[in-house]
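Comments concern the structure below.
Rule-based calculations on the coordinates, nothing more; no lab input. Given the structure is predicted, the values throughout are model-derived calculations rather than measurements. In this analysis, Cβ positions are derived from the backbone assuming ideal geometry, glycine residues included, and neighbour counts consider all displayed protein chains.
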Amino acid sequence: MTKKFNIHARMPYVRIGGRTIFQPPLIAMLQTDGSFSHSRNPRGRAAAYLETAAQDTIHKQLWEVKDAKNSTETEWASIAFGLKFALENDEYVVGVENDNFGVIAALLHPVSLRHEYARYYRNQIHNLANQSAWVGLRWIPRQFNKADKILR
């Protein structure tokens, strides 16, 4: 008998910052996503879906990413903007979820980043995480990312 992989099972969060080492039992869930349009007037956007740690409130936010060069830049921006949005909503224990594996990997591992925008946003994300009690990060498949629906 073979076991089927449960696509709905999610990986645990990996801590990227905060004053607390271990993940607290109640955390706010922040899903972020970015998009970029290659139209005649290129424009980038970032979205965040924040479910509070108490699980009683959902906040949604959409931002324009001015002068974005591509969709990867908007993904970086979405995490930075989303984490700032969580802190502004008094959520200091946050699990961040995003569907861009490259951005998630670059935040979890000390790799050299080629683009200036990636270095800028990585630094901003880590600074925001260190202002928090605990921030973790994980990749999720696009179909589970509620921030993607905000962009549509």
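Below, the figures for the structure above:
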{"quantity": "For peptides 114-122, 26-34, sequence by mean Cβ density within 10 Å, most packed first", "calculated": "26-34, 114-122"}
{"quantity": "Mean ellipticity per residue at 222 nm, deg cm²/dmol - from DSSP H runs of n ≥ 4 across the chain, formula -39500 (n - 2.57)", "calculated": "-9500 deg cm²/dmol"}
{"quantity": "Hull shadow area, averaged, segment 32-102 [alpha-carbon convex hull, nm²]", "calculated": "4.8"}
{"quantity": "Long-range amide H partners of G136 with built H, under 5 Å", "calculated": "I16, V94, G95, V96"}
{"quantity": "Long-range amide H partners of R43 with built H, under 5 Å", "calculated": "S37"}
{"quantity": "Hits among aspartates and glutamates - C-alpha to C-alpha of K146 under 16 Å, sequence gap 8 or more where chains match", "calculated": "D33, E51, E75, E97, D99"}
{"quantity": "Estimated dipole of the chain in Debye, rounded to 20 [Cβ of Lys and Arg +1, of Asp and Glu -1, Cα centre]", "calculated": "480"}
{"quantity": "Of Y49, V14, S132, farthest towards positive along the dipole that unit charges on Lys, Arg, Asp, Glu beta carbons give the chain", "calculated": "V14"}
{"quantity": "Vicinal HN-Hα couplings computed from phi for segment 117-132 (Karplus, 6.51 cos²θ - 1.76 cosθ + 1.60; Hz; Gly/Pro x)", "calculated": "4, 5, 5, 4, 5, 4, 4, 4, 4, 5, 5, 5, 4, 6, 8, 9"}
{"quantity": "Normalised alpha carbon radius of gyration of segment 14-151 [divisor 2.2 N^0.38 Å]", "calculated": "0.98"}
